[in-house]
1. Taking a cut-off of 19 Å between Cα atoms, list the lysines near Lys83, but don't count ones fewer than 8 places away on the same chain.
2. List the GluC sites (Glu not before Pro) within the stretch 1-79 that fall in a DSSP loop (any state other than H, G, I, E or B) and whose Cβ has at most 14 other Cβ atoms within 10 Å.
3. Between Lys96 and His36, how high is the FRET efficiency from 1/(1 + (r/R0)^6) when r is the Cβ-Cβ distance and R₀ = 35 Å? Nearest 0.05.
4. Please state the relative contact order of the stretch 24-110 as a whole percent: Cα pairs under 8 Å, 6+ residues apart?
5. Calculate, in whole percent, how much of the Cα-Cα pair population of the stretch 10-107 lies beyond 21 Å.
6. Report the extension gain between Leu19 and Asn108 in nm, rounded to one decimal, defined as 0.36 nm multiplied by the number of residues separating them, less their alpha carbon distance.
Amino acid sequence: MVKKPNKYSKYLFSKKLLLIDSEFYTLQLSAMATEHSVDVFIKSNFPEKNLFLYKTRRNGKALYIAIYGQYSNYDAALKGAQKLPRSLSIMGSWIKTYASVHQDIQLNND
């Protein structure tokens, strides 16, 4: 059986994100469970430098995560959150490690 390609493939950066040092930090902006939410997010925010999407799974269902930036420490991520582009800052964000991002990506076996 041939797998159907993911319609968001050109926006997904899983392989690139796995190469980032697991001790670095990023800002999570959104977690989207519906295709409609992903479509709206992409139309509203791409292309935006330093904005990445990756796919994971929660409770057996696909979940798309939007993250922003690569920061070498927590304080740098905190400062980065204060400098987000306006279109992204209104979403709210929280800081997470790339170790957590890597773990999320590995949960997705599509």
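We did not get these values from a lab; they are worked out from the coordinates using the rules stated. On a predicted model such as this, the values are computed, not experimentally measured, just so you know. Quick reminder, even Gly has a Cβ in these numbers, built from the backbone with ideal geometry, and neighbours come from all protein chains shown.
1. Here the lysines satisfying the reach criterion relative to Lys83 are Lys49, Lys96.
2. Glu23, Glu48
3. 0.90
4. 44 percent
5. So the portion of pairs separated by more than 21 Å is 28 percent.
6. 30.4 nm
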